[in-house]
Amino acid sequence: MAGATPASAINTYNAQPAPERHEVGALLVVWDRDLNPATPDVIDWYCSGTMIDENTFLTAAHCTTDWAPGVRFFVSLEQDVQGELDKAKADGLTPEQIAAKVGVEGTAHTSPDYPGNSADAHDIAVVEFTDAQAAALAVRWSFTPATLPTAGQFDAMGTRQLDAATWQVMGYGTQEALNGPGGQAHPGGGVRMKAEVGFDALNKTWVRLAMNESRGYGGACYGDSGGPNFVTVDGELVLAATTITGDGPCYATNVSYRLDTPSARGFLDEFVDLP
């Protein structure tokens, strides 16, 4: 969500686990939180994303920028990433060992035009794997890469057809805001979930999706950033956009970055074969 609150989790209402969506993964980060080389690095899952070919993981630019020097990125396609992290930590592993146990390391590439502006934030990035890293990924998890849209596909479809289509958001993010003694909190996260959302509006580089509980929808929240928003077109799931931002409490709107635009395709063309 450019200029708003980065999204990071699937909320609790109208949402279900998504163990079958093996192409959807979590972005793990190992970094020096206190910039003190004498203290251990830390590891945590931070964002969501999608495998779009055998060696390319699509996520958001705000997930891969503004880290301390020496940051390392890993991708995990586990259903319960938080559970796997907890087990590895309980075994006494170091952050680097935990990362290697739960995920596979890759190299982040962020759009050089990020952060852009409100019309086009260029909030897009990939984690690229070498052939050896991609082979390790394939040994650990079987997945079919997501289908990307064709150029200008959603403009061609028009709002009436987009409104009639089925939309789903997926990711590892936290729950919607819950009120407690200390104010609002966003518990949970780290487990792959999915929820139906509704089409709201199509802008130049954004698709706005409704996630109101009263309309039977679920939605995204903190930690879902970079994760997929799929639309069903002629019976096929198409990766339409990536979650970027929305309303702070995660009750109403998911603002996602379109993947059928010239700017998104111009970036992705360096890494994958586009339809």
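With θ set to phi - 60°, apply the Karplus curve 6.51 cos²θ - 1.76 cosθ + 1.60 along the range 75-90 and write out the HN-Hα couplings as whole Hz, x wherever there is a Gly or Pro.
10, 10, 9, 5, 5, 10, 5, 4, x, 5, 4, 4, 4, 5, 5, 5
Once each part is reduced to its C-alpha centroid, what is the distance from the range 19-42 to the range 80-119 in angstrom?
3 Å
Between T150 and E96, what is the FRET efficiency for a Förster distance of 35 Å, r being their Cβ-Cβ separation, to the nearest 0.05?
Calculated value: 0.30.
Could you work out how far apart the two model spin labels at T166 and T107 are, taking each label as a point 7 Å from the Cα in the direction of the beta carbon, and quote it in nm?
4.0 nm
Could you check the spin-label model distance between K204 and Q16? Points 7 Å from the Cα along Cα→Cβ, value in nm.
3.9 nm
Where does the charge balance sit around R265 when Lys and Arg score +1, Asp and Glu -1, over other residues with C-beta under 12 Å from its C-beta?
So the environment of R265 carries a net charge of -3.
So if I place +1 on the C-beta of Lys and Arg and -1 on the C-beta of Asp and Glu, and nothing else carries charge, what would the dipole magnitude of the chain be about its Cα centre? I want it in debye, nearest 20.
Computed about the Cα centre, the dipole is about 500 debye.
If amide H atoms are built 1.01 Å from N in the plane of the peptide, which residues on other chains or at least 5 residues away come under 5 Å of the amide H of D120?
Answer set, sorted by chain and number: none.
What order do you get for 18-27, 150-159 when each peptide is scored by the mean count of other beta carbon atoms within 10 Å, highest first?
18-27, 150-159
What ³J(HN,Hα) values, in whole Hz, does the Karplus curve 6.51 cos²θ - 1.76 cosθ + 1.60 give for the range 145-159 when θ = phi - 60°, with x put for Gly and Pro?
Here the 3J(HN,Hα) series is x, 5, 8, 7, x, 7, 4, x, 4, 7, 5, 5, 5, x, 5 Hz.
Regarding the chain, what is the average projected area of its C-alpha convex hull, in nm²?
For the chain, averaging the hull's shadow over all directions gives 14.6 nm².
Can you give the FRET efficiency to the nearest 0.05 for A38 and K87, using r as the Cβ-Cβ distance and R₀ = 30 Å?
Step by step, r from the Cβ atoms, then E = 0.65.
Which of G49, A90, G218 sits farthest toward the positive end of the charge dipole of the chain, with +1 on the Cβ of Lys and Arg and -1 on the Cβ of Asp and Glu?
So the residue we want is G218.
For the pair A135/T232, report the inter-label distance in nm, with labels modelled 7 Å from Cα in the Cβ direction.
In this crude label model, A135 to T232 measures out at 3.9 nm.
Mind checking the full-extension length gain between T65 and N117? Use 0.36 nm per residue of separation minus the Cα-Cα distance, one decimal, nm.
Extra length available between T65 and N117 comes to 17.1 nm.
Using Cα atoms only, what is the angle between the long axis of helix 131-140 and the major principal axis of the chain, expressed in degrees (0 to 90) to the nearest 10?
Tilt relative to the chain: about 90 degrees.
Read the figures in this text as sums done on the coordinates, not as results from a lab. Since we're looking at a predicted model, the values are computed, not measured. Cβ sites come from the backbone with ideal geometry, for glycine too, and all protein chains shown count toward neighbours.
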